[in-house]
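Structure record follows, encoded as structure tokens.
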Amino acid sequence: MSNSKPTFSISDLSAEFDITTRSIRFYEDQGLLHPERKGQTRIYHPQDRVRLKLILRGKRLGFSLAESRELFDLWDETPKGSERQLLKMLDNLKSKKAQLEQQLEDLKMTQIEIENAEQRCQSALDELYTKQTQEHAETSIKAL
């Protein structure tokens, strides 16, 4: 019975996370993933899989690749992670949350502006239809 941890090919990870192999190679080029190499073949270990999962989660949360790299670097400083990494993550999350709250406020303002413009357009259109109806009625009366 083998105690070796599973390994993954680039195709395995690509299929699991529904991303292209090109994306995985890009993350590798950016220094975020460090697969083992056997010739041209990349062999990914569980740590690489976890990092890829964290990269994708970070993207969903709005983190840049540089921010993800910084968190990985802080983690790599010690075998069990660090207080600095957790503090940095909290700081990043606070910043992203503030950014999202501002975007929500901006969206609410845009929605109000659109609703106001929509009301003005509808009023102008109603006024135009009323004017056309009156002109049509006047033309009909003159024709009699």
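Any residue that is open to solvent by 60 Å² or more (accessible area, probe 1.4 Å), at pLDDT 85 or above and either over 30 Å from PRO6 (Cβ atoms) or in contact with a His (Cβ under 6 Å, 6 or more places away or on another chain) (or both) - is there at least one of those in segment 72-88? If you could, list the steps in order and put the result at the bottom.
Of the residues in segment 72-88, the ones open to solvent by 60 Å² or more (accessible area, probe 1.4 Å) are 73, 75-77, 79-80, 83-84, 86-87.
Filter once more, so that each one left must be at pLDDT 85 or above: 87.
Checking the rest, the ones that are also either over 30 Å from PRO6 (Cβ atoms) or in contact with a His (Cβ under 6 Å, 6 or more places away or on another chain) (or both) come to 87.
The answer is yes, given that some residue of segment 72-88 is open to solvent by 60 Å² or more (accessible area, probe 1.4 Å), at pLDDT 85 or above and either over 30 Å from PRO6 (Cβ atoms) or in contact with a His (Cβ under 6 Å, 6 or more places away or on another chain) (or both).
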Count of segment 103-139 residues which are of a type in the set (A, V, I, L, M) and closer than 30 Å to GLY62 by Cα: 5
Scope segment 37-65; condition open to solvent by 60 Å² or more (accessible area, probe 1.4 Å), among the hydrophobic types (A, V, I, L, M, F, W, C) and out of contact with any Leu (no Cβ under 9 Å at 6 or more places or on another chain); matching residues: VAL50
Enumeration of residues in segment 18-36 that are surrounded by 15 or more Cβ atoms within 10 Å (Cβ to Cβ) and among the hydrophobic types (A, V, I, L, M, F, W, C): ILE19, ILE24, LEU32, LEU33
LEU104, sole failed condition from (1) surrounded by 13 or more Cβ atoms within 10 Å (Cβ to Cβ); (2) under 20 Å from the mean Cα position of the chain (by Cα); (3) farther than 21 Å from PRO6 by Cα: (1)
Hey, GLU36 touching a strand residue (DSSP E or B) at 6+ places or on another chain (Cβ under 6 Å) and either in contact (Cβ under 8 Å) with a residue 60 or more places away in the chain or charged (D, E, K, R) (or both) or not: yes
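The values are calculated or read from the model by the stated rules, or taken from the named source; none is laboratory data. None of these values were measured; they are calculated from a predicted model. Virtual Cβ from ideal backbone geometry, glycine too; neighbours counted across all protein chains shown. Side chains are part of the model used for accessible areas, which takes the heavy atoms of the whole protein and leaves out ligands, DNA and RNA. Shrake-Rupley method; radii C 1.70, N 1.55, O 1.52, S 1.80 Å.
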